[in-house]
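Working notes, structure below.
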Amino acid sequence: MGKYYSQDLIQDSKKALNVLIQQPEVDPKRISIIGHSEGTQYAPRVAIVDSTKVKNIVLMGTVAQNLRDILHYQAVFLPLQYATEVLDKNHTGLISIQQIAKDPVLSHLLVPSSVILTFLRTNNAKVITNALVNKFGNNTIEAGYVSIEKQIKPVLIKGYENISSFNLSKCNNLEGCPVWYRSQFSLIPTLSIIGNVSKSIGILMLNGENDSETPVEQAFLLQQRLTEVNHPDHTLITYPNLGHVFYPSSQWTRGAGVGIEQYVLADIYSWLEAHSGLSHSYATTATSPIGANTSSLSTNATSSSSSKE
């Protein structure tokens, strides 16, 4: 892994674009690039540098702010919101350790570490309970109960600070790599550079409204910025009930399914068809569910918002 991990990926993307252009079956005037999640940071940068080579960019599960801000949302804000709104039904500020142990969301966030996406290797409630007792020790406010504000919140903040201070000793599958975090934290936010994308490049943004990793507000920020700089051709589509991988999901965790919903793929194809002159029957094989929201600004239309049926 290179010292500047994010920059390495940007350079690799540029090289891939150049290789694509050289292929005889590729029309160099109709190239669109797609980025998902972390890739939504790189696609605009490639389009800015190589604006004459890119006709459109598609951003899925969009990242607008720096990872430091998004990580705080994932590792601190979201689990606290879940604990308060879902688990603390009596509004006492306390949750039983047994309740946490049996909960599929919060236990994953607290055991064995307090980082989002820390999935347990076990579903054994007894093992999880023992781990929670060891974590909170005898500091429980009441026997068998923990305080959201005084105990859960500090644990989450400590986990966030551990990563954001690059205290990870090595790369691992659960928490990532220090070199990657350093490169991400030093990267200028996409929100600060999206306005530099050429006005000749069409921009499509898609986000699940239940995305727990790159929340839909990130897409709204990019849309707002593109509107402020009068970018003539940008479209945002948000999908109710879909998560980060565009599969049905709750607002708290990524859906367990594999594969993007067909109507999302149809939306992408339809947009590319309109912007690149593609023609294929696939565009009519799936339709967005009622409630999918489209907001767009183009050279031929004023800003609009509607529900797709």
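The values are calculated or read from the model by the stated rules, or taken from the named source; none is laboratory data. Just so it is clear, the structure is predicted and the values come from calculations on it, not from any experiment. Positions of Cβ are generated from backbone atoms using ideal geometry, with glycine treated the same way; all protein chains shown enter the neighbour counts.
Candidates in segment 52-66 are the residues that are more than 17 Å from residue 27 (Cβ to Cβ) and not in a strand (DSSP E or B); of these, the one that is modelled with the lowest pLDDT is 66. Here residue 60 passes the criteria (1) out of contact with any strand residue (DSSP E or B) (no Cβ under 7 Å at 6 or more places or on another chain); (2) farther than 20 Å from residue 186 by Cα except the one numbered (1).
Please enumerate the residues belonging to segment 43-83 that are under 19 Å from residue 32 (Cα atoms) and of a type outside the set (Val, Ile, Thr). Within segment 43-83, 43, 44, 45, 47, 50, 51, 53, 55, 56, 59, 60, 61 qualify. The one condition from (1) out of contact with any Leu (no Cβ under 8 Å at 6 or more places or on another chain); (2) more than 21 Å from residue 265 (Cα to Cα); (3) buried (at least 16 other Cβ atoms within 10 Å of the Cβ) that residue 20 does not meet is (3).
Looking only at segment 25-32, decide whether some residue is under 20 Å from the mean Cα position of the chain (by Cα) and buried (at least 20 other Cβ atoms within 10 Å of the Cβ). So far as segment 25-32 goes, no, none of its residues is under 20 Å from the mean Cα position of the chain (by Cα) and buried (at least 20 other Cβ atoms within 10 Å of the Cβ). Residues of segment 74-92 that are closer than 21 Å to residue 184 by Cα and more than 11 Å from the chain's Cα centre (by Cα): 75, 76, 77, 78.
Would you mind stating whether residue 98 is over 23 Å from residue 197 (Cβ atoms), under 24 Å from the mean Cα position of the chain (by Cα) and of a type outside the set (A, V, I, L, M)? So residue 98 does not fit the description; no. Number of residues in segment 224-244 that are within 23 Å of residue 77 (Cα to Cα), crowded, with 23+ Cβ neighbours inside 10 Å and either over 15 Å from the mean Cα position of the chain (by Cα) or not aromatic (Phe, Trp, Tyr) (or both): the value is 2.
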